[in-house]
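To keep things clear, I will list the structure first and then write my remarks on it.
The values are calculated or read from the model by the stated rules, or taken from the named source; none is laboratory data. These figures come from a predicted structure and were not determined experimentally. Please note: Cβ atoms are built from the backbone with ideal geometry, for glycine as well, and neighbour counts cover all protein chains shown. For accessibility, only protein heavy atoms count, side chains too; no ligands or nucleic acids. Shrake-Rupley method; radii C 1.70, N 1.55, O 1.52, S 1.80 Å.
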Amino acid sequence: MNKQMEKLKQLFLILVGLCFTGFVSAQLDCTIDGPSHPLKPVFGLPRILADTVHIKTYVLTGHSSPPPPSWTNVYTFHENNRIDTICNVTGGQILKYSDKGQLLSKSRYAPGYVSVNTGEYVAPWEVLDVEFEYGEDGRMLKTTQYGFDGDSSYVDSVYTYNYTMTDSGYIVHNQAECILDDQGRVTHIKGLDDSKKVEYVYDEEGRQFRVGETYYFYFENGFRSLIYSHRGQSVLGAPDAWSRIDYFFQENGYLKEKIDYLKDEGETEWRVYNHDEWFYYYKDDNPLANITIEEQPGGTVYATAGAVMIGTEAATTVSVYSFSGQLVTQQRISAGTNRIALSKGLYIIVVNDKGYKIVVK
């Protein structure tokens, strides 16, 4: 059972985690703009509004173009305003959110089934993996990781975070400094452990990098992480190498592709060793199937305390959906600025066939 659960955990991480190097990985949200500034917190990747997601994984051995996929994971989402249940054939994960859209916990989950061998019904189970705690301003303050001993879960490790601002970024827990660009995005995670030897390498363009530290580069609809490491310290006999991951996103912020590259010391060409592709499917009755989700342009649709404000040049019909796709209200509004009262939560506001993500506080 433990081996099966560990295998499931690895599959879940493909979907719900874009993992970064080092202890700061838990507090860095990963969006289309990359890792975020903790003083300008975001709520991570947008919640999946599709009914099912297919993830095709290509495992490569140095090929420049992907062969047929090695496997496809199919996840089905059952959503309400606070909980996502992600399930494929063998199991799934339960994600729980606050009313502000912050991820509170992740749990492994397996649905009930009838055993082929015994014909007996095996009850569903849920095992807590990790919990997250946030401050009033949305910054992550604490993560609690849980282990599982076969009968129950237990606290395996606890991380608490404090943030100190610097001229170039911020320091987390007095152990790592996140260097920011002029847009507030993380460009470099710099270790502050004085006991470790500081080494530098140069890439083919002559840029200097510190060994073992992660760097981020941004481009349209995606970003890249890059690190040079002594791989022999973790993989016996492996040469030093550059590791690179490219992330590509759809316009609505959903992950589209993740491609992992490797380049050993002395090599000049990148080798692709893993390639994941995401495909999103909607049922015909999904009210969000044909809606283009956009950011709030020009402040015409925005949240205020207990309401959403909508500006329009002509009378039109406005539909308000929960993140589960359920219709909350539909109203005819006049030209000008209109106010629609809403309780706290996450909503999709549909105006003239365009959807806008908002969080009402």
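Quick notes on this one:
- The lone exception for Asn117 - which of (1) over 30 Å from Gly345 (Cβ atoms); (2) out of contact with any strand residue (DSSP E or B) (no Cβ under 8 Å at 6 or more places or on another chain); (3) buried (at least 17 other Cβ atoms within 10 Å of the Cβ) it fails: (3)
- The range 147-170: number of residues that are more than 17 Å from Lys106 (Cβ to Cβ) and of a type in the set (Phe, Trp, Tyr): 3
- A residue that is crowded, with 17+ Cβ neighbours inside 10 Å, in contact with a helix residue (DSSP H, G or I) (Cβ under 6 Å, 6 or more places away or on another chain) and either assigned to a strand (DSSP E or B) or charged (D, E, K, R) (or both) occurs nowhere in the range 255-268.
- Filter result for Trp242 (at pLDDT 90 or above and open to solvent by 60 Å² or more (accessible area, probe 1.4 Å)): no
- Selection of the range 156-198 for residues being within 24 Å of Tyr228 (Cα to Cα), assigned to a strand (DSSP E or B) and among the small types (Gly, Ala, Ser) yields Gly169, Ala176, Gly191.
- Screening Tyr247, Tyr254, Tyr200, Tyr215 for residues that are in contact with an Asp or Glu (Cβ under 9 Å, 6 or more places away or on another chain) and of a type in the set (Ser, Thr, Tyr) leaves exactly one candidate, Tyr247.
- Long-range neighbours under 6 Å by Cβ, at least six apart or interchain, first residue more than 9 Å from Thr312 (Cα to Cα) within the range 332-354, second of a type in the set (Phe, Trp, Tyr) and open to solvent by less than 70 Å² (accessible area, probe 1.4 Å): Leu346/Phe323; Ile348/Tyr321; Ile349/Tyr356
- Answer from Asp193, Asp276 - the residue that is at pLDDT 90 or above and of a type in the set (Asp, Glu): Asp276
- For Lys357, the criteria (1) surrounded by fewer than 18 Cβ atoms within 10 Å (Cβ to Cβ); (2) at pLDDT below 80 hold in every case but one, which is (1).
- Annotation: of all residues in the range 184-204 being surrounded by 10 or more Cβ atoms within 10 Å (Cβ to Cβ) and touching a residue at least 60 places away in the same chain (Cβ under 8 Å), the one that is farthest from Phe219 (Cα to Cα) is Gly191.
- Scanning the range 172-183 for residues that are in contact with a strand residue (DSSP E or B) (Cβ under 9 Å, 6 or more places away or on another chain) and either open to solvent by less than 40 Å² (accessible area, probe 1.4 Å) or charged (D, E, K, R) (or both) yields Val172, Ala176, Glu177, Cys178, Ile179, Leu180, Asp181.
- Of all residues in the range 135-155, those that are assigned to a strand (DSSP E or B) have Cβ atoms under 6 Å from Cβ atoms of residues that are small (Gly, Ala, Ser) and open to solvent by less than 50 Å² (accessible area, probe 1.4 Å), 6 or more apart or on another chain, in Leu141/Gly135; Thr143/Ala26; Gln145/Ser157; Tyr154/Gly147.
- Among the residues of the range 283-310, those that are at pLDDT 65 or above and not in a loop (DSSP other than H, G, I, E, B) comprise Val301, Tyr302, Ala303, Thr304, Ala307, Val308, Met309, Ile310.
- The set of residues in the range 212-238 that are open to solvent by 30 Å² or more (accessible area, probe 1.4 Å) and part of a loop (DSSP other than H, G, I, E, B) comprises Gly212, Glu220, Asn221, His230, Ser234, Val235, Leu236, Gly237.
- Residue that is modelled with the highest pLDDT [pool: residues in the range 93-112 that are open to solvent by 20 Å² or more (accessible area, probe 1.4 Å) and of a type in the set (D, E, K, R)]: Lys106
- Within the range 317-354, the residues that satisfy the criterion of being hydrophobic (A, V, I, L, M, F, W, C), touching a Phe, Trp or Tyr at 6+ places or on another chain (Cβ under 8 Å) and not in a loop (DSSP other than H, G, I, E, B) are Val320, Leu327, Val328, Leu346, Ile348, Ile349, Val350.
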